[in-house]
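Computed from the coordinates by the stated procedures, all read-outs in this text should not be read as laboratory data. Only a predicted model underlies this, so the values are computations on that prediction, with no experimental measurement involved. Here the Cβ is made from the backbone with ideal geometry for all residues, glycine too, and neighbour counts use every protein chain on show.
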Amino acid sequence: MQLSLLRRRFSFWISTVSIIICLSDYMGSGLANIFIRSIPPINILADVEPMRHWMFDFENNKWGASSSILLQVTFLTYFIFCITWFLLGLFIDMLVKRLRRTIQLV
């Protein structure tokens, strides 16, 4: 049972970690919010005007900042964060699979 749990794919583990980070941010951890805001897709979408107001909660701003990293994020931001890390995990899984094939061919 323990070995099968450890042999899961990268996409599973990275997605699990991203969900834990999102839950931590939802519960109030400021460090998790900084980590969520640091990935490139969220930074790119934060500059596009309609997406900016869909992804960040400007009305419930307890810090009083308008363009700070301390703005609270919405569900859409959590979703984009989890999907980004899941796709990164799939990419790593594909690389590992391709590497195993090349090792078996040699």
Point to revise | Gain upon complete extension [Ser38, Leu76; 0.36 nm per residue less C-alpha separation] | key: 12.1 nm
Check your understanding: Once you put a point 7 Å from the Cα of Ile103 and another 7 Å from the Cα of Leu31, both along the Cβ direction, what distance in nm separates them?
Key -> 3.3 nm
**Study point:** Order by protection proxy (mean Cβ within 10 Å, highest first), peptides 76-87, 36-47
**Key:** 76-87, 36-47
